[in-house]
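To start, the structure under review is shown below, and the notes come after it.
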Amino acid sequence: MSEAIERARTFDAFPDEGIPLESPLAWSFEHVGCPAPGTHSRVMMRERQHDHLILRGGAIVLDEAVRAVLGLSLPARPLELSQGERASLQWLSPDEWLAVLPQGDAFRVETALRSALGDASVAFSDVSAGQTVIELTGDDQALRELLMKSVVYDVHPRHFAVGKGVTTVLAKTSVILRRPDERRWELVVRRSFADYVYRWLLDAGEEFAIGVERDVTAGETT
Amino acid sequence: MFHIHCPYCDEWREEEEFHPRGQAHIARPEDPAGCSDEQWGDYLFFRDNPRGIHHELWVHAVGCRKFFNVTRHTQSYEILETYRIGERPRFTRDNPDGVVASAPESLDDSDIATAAQEVRA
Ligand SMILES: [Zn+2]
């Protein structure tokens with residue numbers, strides 16, 4: 001087992017909680033600005049800093065280990081998203097899942113999964129530094145209209161139920177769009193496109209008096 | 001708005017998420033070293049350009065990022081079916097109406113049948 005871990009050359013990308021991490025949107029908050037939420041704001045936007053781990057392998061091989069380590073079963077159906085207390089798991093493709101974890105947790109989870117799976121043919125990639133989560137909340141109708149202007153995917157609740165997540169196109173860039181519960185939409189965006197998506201959402205949300213909330217505890221999950 | 005059925009996401013998805021990647025079902029020669037230059041050249045460079053039914057490889061590029069097969073009519077552009085890698089097409093040049101034989105060849109035929117439609121909205 002330890003051999004399997006060594007073979008994969010893992011390392012902790014987040015070794016010390018004392019080291020401040022710059023969010024992919026830090027520059028945007030500083031230079032593009034954060035419109036303050038007001039009583040007339042129908043959409044709220046905030047960034048959630050989490051760890052992101054890509055799990056690849058066969059569903060049957062991964063499922064048991066994932067349940068033991070994360071307490072969540074692996075979403076078996078296409079486009080399924082399971083939301084747990086601390087972590088979420090999303091189907092990305094028939095042999096690929098995205099785990100969104102509390103900040104600083106990816107290395108522990110990756111190591112535990114590797115130990116549990118031994119020599120099984122699986123691959124894990126810590127992509128925490130490569131993407132971030134933008135969360136949108138607010139008035140249902142305003143949220144839907146904002147998304148309808150932005151993504152090519154049908155976001156009508158009849159088609160996009162809670163517990164679904166898709167990779168799709170938002171304003172010509174790729175995003176993961178997910179609906180963890182009734183009141184939230186989440187966008188998982190690439191770090192290099194975070195500023196672009198942020199500006200797009202500010203612009204598209206202007207008519208709904210979009211407000212940006214910034215004082216979110218890093219790593220907090222809801 | 002033009003939608004294509006992804007057999008892996010099992011959903012109709014926007015055309016913008018897909019890319020065509022050329023002719024499907026091209027088998028790599030079993031013994032490349034034993035090929036003549038002509039056989040190897042055919043495998044690498046030469047593709048069919050039929051008028052009518054054509055089997056193509058597409059990728060759900062912004063989506064599940066899986067490759068799959070599309071049977072498309074090159075004259076009407078109609079997509080007759082989409083099916084997974086490793087499955088057999090239902091619509092072929094010899095069977096343009098996709099008539100299913102009384103004894104299905106594989107369990108996948110019903111999957112293919114559900115994909116044999118094209119939606120324009
Ligand atoms: Zn797909």
*asked:* Taking beta carbons within 10 Å but only from partner chains, what does the mean come to for residues A:166-177?
replied: 3
*asked:* Among B:19-27, A:65-73, A:187-195, how do they line up by average Cβ neighbours within 10 Å per residue, starting with the highest?
replied: A:187-195, A:65-73, B:19-27
*How many Å² of accessible area per residue for the protein assembly as shown, probe 1.4 Å?*
53
*Each residue of segment A:126-134 in order: what ³J(HN,Hα) in whole Hz does its phi give by Karplus 6.51 cos²θ - 1.76 cosθ + 1.60, θ = phi - 60°, with x for Gly and Pro?*
7, 10, 3, 7, x, 8, 9, 9, 10
*asked:* Could you work out what % of the accessible surface of the protein assembly as shown is carbon and sulfur, using a 1.4 angstrom probe and leaving DNA, RNA and ligands out of the count?
replied: 49
_Charge dipole of segment A:22-212 about the Cα centre (unit charges at C-beta), most positive-ward option of A:V155, A:T111, A:M45_ = A:V155
*Partner chain Cβ atoms within 10 Å, averaged over the residues of A:89-97 - can you pull that number for me?*
3
_So if I place +1 on the C-beta of Lys and Arg and -1 on the C-beta of Asp and Glu, and nothing else carries charge, what would the dipole magnitude of segment A:119-211 be about its Cα centre? I want it in debye, nearest 20._
220
*chain A: radius of gyration and largest Cα-Cα distance (Dmax), Å*: 17.8, 58
*Give the long-range amide H neighbours of B:G98: residues separated by 5 or more places, or on another chain, with amide H under 5 Å away, using H modelled in the peptide plane at 1.01 Å from N.*
B:T92
_J(HN,Hα) series, segment A:80-90, from Karplus relation 6.51 cos²θ - 1.76 cosθ + 1.60, nearest Hz, glycine and proline x_ = 8, 10, 10, 10, x, 5, 10, 9, 9, 10, 10
*What dipole magnitude, in Debye to the nearest 20, does the protein assembly as shown give about its Cα centre under +1 on Lys/Arg Cβ and -1 on Asp/Glu Cβ?*
440
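For peptide B:63-71, how many partner chain Cβ atoms fall within 10 Å of a residue's Cβ, on average?
3
Under the rule a/c < 1.5 gives rounded, and otherwise a/b versus b/c splits prolate from oblate, where does segment A:1-108 land using the Cα gyration tensor?
Note, shape of segment A:1-108 comes out oblate.
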*Rounded, prolate or oblate: pick one for segment A:121-161, where a ≥ b ≥ c are the square roots of the eigenvalues of its C-alpha gyration tensor, a/c under 1.5 means rounded, and failing that, prolate if a/b is larger than b/c, else oblate.*
prolate
*Quick one: what Rg and Dmax do you get for segment A:66-151 from the alpha carbons, in Å?*
15.4, 49
_Area hidden from solvent between A and B (accessible, protein heavy atoms only, 1.4 Å, total, Å²)_ = 1200
*With point charges of +1 on the Cβ of Lys and Arg and -1 on the Cβ of Asp and Glu, referenced to the Cα centre of chain A, which listed residue (A:P15, A:V32, A:V188) lies farthest in the positive direction of the dipole?*
A:V188
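The values are calculated or read from the model by the stated rules, or taken from the named source; none is laboratory data. In this text the structure is predicted, and so the values were computed from the model without any measurement. Neighbour counts are summed over all protein chains in view; Cβ atoms, including those assigned to glycine, are modelled from backbone coordinates with ideal geometry. SASA here: full protein model, heavy atoms, side chains in, ligands and nucleic acids out. Shrake-Rupley method; radii C 1.70, N 1.55, O 1.52, S 1.80 Å.
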